[in-house]
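Just below is one structure, and these are the notes that go with it.
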Amino acid sequence: MSSNGCALGEKMSYEGVSKWYSGRSVFITGGTGYMGKVLIEKLLRDCGDIKFIYVLCRPKRGFSPANRIEQIRKLAVFDRLRIECPEKLKKIKAMEGDLGQPGLGLSDENKSILFNEVSIVFNGAASLRLESGLKDAIRHNTTGTKHVLDLAVEMKNLASFVHLSTAFCHCEFDTLDETIYPSPANPEDVMRAVEWMDDHTLEIITPRLLGPHPNCYTYSKRLAESLVSQYANRIPISVARPSIVTPSFKEPVPGWVDSLNGPVGVIVAGGKGVIRSVLCSPDYEAEVVPVDIAINALILIAWKRTIINVDVMDDPVPCYNISKGDIVHLNWGEVLAKGKRYAYEYPFDAGLWYPNGSMRTNKLMHYFIVFWLQVVPAYLIDGIMVLARQKTFMVRVQKRIAVGMEVLQYFTMRGWNFKIENTKALINGLNEEDMNKFYISNTEIDIEKYMIQVLLGARQYCMKEPLANLDRARFHLKLLYWLNMVTQVLFGFFLLWVFVRAFDSFKFLLDSSTSSFTNVPIIGSLIPK
């Protein structure tokens, strides 16, 4: 694809983004997820008079799809909408279905709605469990995408289809261009194979199939991109590749987050003193993007697809890497330093230990620290809980952390260079109103302020800890600080005692050996009396 991306193939006519969305119906898969909720909120609030937003949803934990959507409407992410235009929340409609079934398991009535009413599709549904096996990952992320694509072909008024991929789905490339790369395998073959192969056989062949991929998630998303490219001549389609998504920068409220995936989970666990060591290279750039900037990009990508001439482009599928790229320079070392500083100012409530974990690149030292300062204390705490006849939890927590950190460290121990020229070009030609609404690269980001927002957001929205108890949390942090200091001093004295005892024992053995040697002929005459 040309370096200046979609700007090359633009048509001469221009229609404002908000006006373009007015009167259209949108279909979203993954609408109940973190990014999906922010996307729905932004579409309703800033994209004109949208007709309806249909959200693919399945029953879960005894809640029907309609009940789940009703629960979502009550979340803090929609507080602003409830105040400014509450009637728009009624435009969110649940569509009962399942990504893993052909036709998404939709009723004939719902299929008719999609085929006749929907003109914009955001395919964001995916299994984000990086530790998932091959069968689950392929079913959710690859086969599920095919089911959505097959439905989209039947949509009479389809104007734009946006497929959400990931910036990490081409792991062998340190530099990722905004283009579709050749697939490592035929996605159709892999989809068929996971259906007829038993779990044991799949487990054996998985390493060979994955190749350079660290997990089944990135592999299945890469195959999904290949599928998308096969539909390029049938539907107007684009690929969006967000990097690591972080809490919101501005909207709907600064710092909003409801997921502990990725860095937020590390921040919370580190802030509560549960994580003592992270395997991460401090000099590598932190390729992250705030969720509201990523959502603005998605909305513009859908609109932009209708005003570009794909025939003049090198690639029939416009691709957009959504990350900080060269807009902001921030490495993981700076993230840790700033995060620790502000974690002491705005601490989490009820921490288990003083939060002073560190970043390491030496695996041996990292696992040593993890064993002694995370695993051993976890078993001690659970042992105390057993004696007190209380429910244990720490060993289970540490096992979950171990799995998550093992997957995450692949992305924090490598340097990435994501080209974002197409993404930056999305704002070219926007009027002033749309420039302000759909900010991407045209906004100043104060990293210091943003880090505070991230901490407070994780505190309020994920951990449900109100800001009113910050003073209590700061007092608790001081107690943990002195407890940590006393423990270190006592541990130091213990090591000194062990050294002295070991030295005395060594001296005793040496004296005993010397005494014995003096009784040996010839050798004894050489030892001074």
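The values are calculated or read from the model by the stated rules, or taken from the named source; none is laboratory data. Note that the structure is predicted; figures quoted are calculated from it, not measured. Every residue, glycine among them, receives a Cβ derived from its backbone with ideal geometry; neighbour counts consider all protein chains shown. Quick note on the areas: whole protein, heavy atoms, side chains included, nothing else; ligands and nucleic acids left out. Shrake-Rupley method; radii C 1.70, N 1.55, O 1.52, S 1.80 Å.
What's the extension gain from residue 504 to residue 388 if we count 0.36 nm per residue and subtract their Cα-Cα distance?
Numbers: separation 116, 0.36 × 116 = 41.76 nm, distance 3.99 nm.
Working it through step by step, the gained length comes to 37.8 nm.
Among DSSP beta bridges whose residues both lie in the chain, state the antiparallel percentage, nearest 5.
Working: 3 of 37 bridges.
Bridges in the chain that DSSP calls antiparallel: roughly 10 percent.
With N denoting the number of residues in region 172-215, provide Rg(C-alpha) divided by 2.2 N^0.38 Å, to two decimal places. Numbers along the way, then the final one.
Numbers: Rg = 12.9 Å, N = 44, 2.2 N^0.38 = 9.3 Å.
Scaled against compact globular proteins, the figure is 1.39.
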Given points 7 Å out from each Cα along the Cα-Cβ axis, report the residue 428 to residue 281 separation in nanometres with one decimal.
3.3
In region 408-486, trypsin sites (Lys or Arg not before Pro) in a DSSP loop with at most 10 other beta-carbon atoms within 10 Å
464
If you take the square roots of the eigenvalues of the alpha-carbon gyration tensor of region 192-245 and sort them as a ≥ b ≥ c, do you get rounded (a/c under 1.5), prolate (a/b over b/c) or oblate?
oblate
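Determine, from the Cβ-Cβ distance of residue 396 and residue 233 and an R0 of 45 Å, the FRET efficiency 1/(1 + (r/R0)^6), rounded to the nearest 0.05. Each step should come with its number before you reach the end.
Numbers: r = 50 Å, r/R0 = 1.11.
Working from the Cβ atoms, E equals 0.35.
Using a 1.4 angstrom probe, figure out how much accessible area the chain has per residue, in square angstrom, rounded to the nearest whole.
On the way: 25550 Å² over 529 residues.
The answer is 48 Å² per residue.
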Considering only Cα-Cα distances, which of the following residue pairs are longer than 28 Å: 91/449; 51/437; 42/221; 37/304?
91/449
Relative to the chain, whose Cα atoms define the longest principal axis, helix 216-230 and its Cα axis are tilted in degrees, nearest 10, by 20
First compute the accessible area of the chain with a 1.4 Å probe, then give the percent of it belonging to carbon and sulfur atoms.
59
With a ≥ b ≥ c taken as the square roots of the eigenvalues of the C-alpha gyration tensor of region 110-199, please select rounded if a/c is under 1.5 and otherwise prolate if a/b is larger than b/c or oblate if it is not?
oblate
SASA check, residue 497, accessible area w/ 1.4 Å probe, all protein chains in place, rounded to nearest 10 Å², comes out at 150
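Taking loop as defined by DSSP and a crowding limit of 10 other beta carbons within 10 Å, which trypsin sites (Lys or Arg not before Pro) in region 329-412 fit?
Filter output for region 329-412: 389, 391.
Would you mind counting up the charge near residue 418? Only other residues with Cβ under 13 Å from its Cβ, with Lys and Arg at +1 and Asp and Glu at -1. Walk me through the intermediate numbers first.
Values: positive: 241, 324, 414, 419, 424; negative: 174, 177, 178, 285, 287, 326, 421.
Here the charged neighbours net out to -2.
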Pick out, in residue order, every one of the GluC sites (Glu not before Pro) in region 406-470 that is DSSP loop and has at most 10 other C-beta atoms within 10 Å; say none if there are none.
444
Roll a 1.4 Å probe over the protein heavy atoms and report the accessible area of residue 238 in Å², nearest 10.
0
Among the DSSP beta bridges whose two residues both lie in region 200-344, what percent are antiparallel, rounded to the nearest 5?
10
Kindly report, to the nearest 10 Å², the accessible surface of residue 371 as traced by a 1.4 Å probe over protein heavy atoms only.
100
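Using just the Cα positions, wrap region 181-279 in a convex hull and report its mean projected area in square nanometres, one decimal place.
Working: hull surface 41.4 nm².
The directionally averaged projection comes out at 10.4 nm².
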Place a label point 7 angstrom from the Cα of residue 156 along the Cα-to-Cβ direction, then list the residues of region 87-123 whose backbone nitrogen is under 13 Å away.
112-119
Gap separating the Cα centres of region 452-486 and region 102-120, nearest whole Å
47
Have a look at region 218-337 and give its Rg and Dmax from the Cα atoms, expressed in angstrom.
17.5, 55
Give me P(r) over the chain, computed from all C-alpha to C-alpha distances, binned every 20 Å, as integer percentages.
19, 49, 22, 6, 3, 0
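With the alpha-carbon atoms as the only input, what is the per residue convex hull volume for region 361-513 in Å³? If you can, show how the numbers build up before the last one.
Working: hull volume 35.9 nm³, N = 153.
Looking at region 361-513, the number lands at 235 Å³ per residue.
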Over the Cα atoms of region 51-113, what radius of gyration and what Dmax do you get, in Å?
13.1, 40
